[in-house]
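Undergrad: First, the structure itself, so that you have it in front of you.
The values are calculated or read from the model by the stated rules, or taken from the named source; none is laboratory data. Remember, it's a predicted structure, so these values are computed and weren't measured experimentally. Quick reminder, even Gly has a Cβ in these numbers, built from the backbone with ideal geometry, and neighbours come from all protein chains shown. Surface accessibility is based on the protein's heavy atoms, side chains included, excluding ligands, DNA and RNA. Shrake-Rupley method; radii C 1.70, N 1.55, O 1.52, S 1.80 Å.
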Amino acid sequence: MPIDNVFLKCVSSVDPMCRKNSLALELMKKLPQLVTNILLPKEKELFDLEVRKYHVDSLYTVNEGVSIDEWWVEVKKTGKYPLLSKMVCALLTCFHCPKVESSFSVMNNIISASSTRMNIPTFSAIQSIKYHLFAENKTSVAYFAKKDFLHEHVEKKISGKPKVIL
């Protein structure tokens, strides 16, 4: 399956099996332009030099069964590539599992053409409530049901069962 996404192509270049490949070198050099919050502006030029050095240096070979994160931990321990290691560690710590997939599903239900300007705290609050309700296996109406909804206190935090203050 070909990958059309430039970001994913560049991230795939951190695979140790891609070392010493000219295409991987060019893709890896683009990472600071795509992930702008990891390196300081003055570090970007040094990053380029580290990437070049990384692709020509002799490092231990990748053994069968060693995961990419274990391999990069060993590279980081050498101290040879601090900026490259910083970038790769940030990329490898991104969540990936069924929880992330369900998060995108929730996101698709919340974010639409009319809500694209929603700020992150608002989205996070909506997502937290949806997860909490899902974990309780209740609808919001059932979860927040009140006997006298006009006079009962509204609990602003979700912490287990809703508290009813009379």
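Undergrad: Determine which aspartates and glutamates satisfy two conditions relative to LYS146: a Cα distance under 15 Å, and not lying fewer than 8 residues away in the same chain.
TA: GLU155
Undergrad: Something else: Loop-only check: which chymotrypsin sites (Phe, Trp or Tyr not before Pro) in segment 43-94 are DSSP coil with at most 13 other Cβ within 10 angstrom?
TA: TYR60
Undergrad: Local charge sum around LEU23 (other residues, Cβ-Cβ under 13 Å, Lys/Arg +1, Asp/Glu -1)?
TA: Working: positive: LYS9, ARG19, LYS20, LYS29, LYS30; negative: ASP15, GLU26.
Within the 13 Å Cβ shell, the charges total +3.
Undergrad: Do any of LYS20/LYS76; LYS9/LYS53; LYS30/LYS77; LYS9/LYS77 go past 22 Å between their Cα atoms, and which?
TA: In this structure, LYS30/LYS77; LYS9/LYS77 exceed 22 Å between Cα atoms.
Undergrad: Give the peptides 23-29, 142-148 in descending order of average Cβ contacts within 10 Å, highest first. Please list the in-between numbers first.
TA: On the way: 23-29: 17.7, 142-148: 11.4.
Listed from highest to lowest mean packing, they are 23-29, 142-148.
Undergrad: For ASN37 and LYS130, compute 0.36 nm times the residue count separating them, minus their Cα-Cα distance, and round to one decimal in nm.
TA: Values: separation 93, 0.36 × 93 = 33.48 nm, distance 2.90 nm.
Additional length available on full extension: 30.6 nm.
Undergrad: Something else now. Could you tell me the largest-minus-smallest coordinate of the C-alpha atoms of segment 2-96 on each of the three principal axes, in descending order and whole angstroms?
TA: 34, 32, 27
Undergrad: Moving on to the next point. Just the accessible area for GLU152, please: 1.4 Å probe, Å², rounded to the nearest 10?
TA: 20
Undergrad: Provide the net charge surrounding VAL51, with neighbours chosen by a C-beta distance below 13 Å and charges set as Lys +1, Arg +1, Asp -1, Glu -1.
TA: +3
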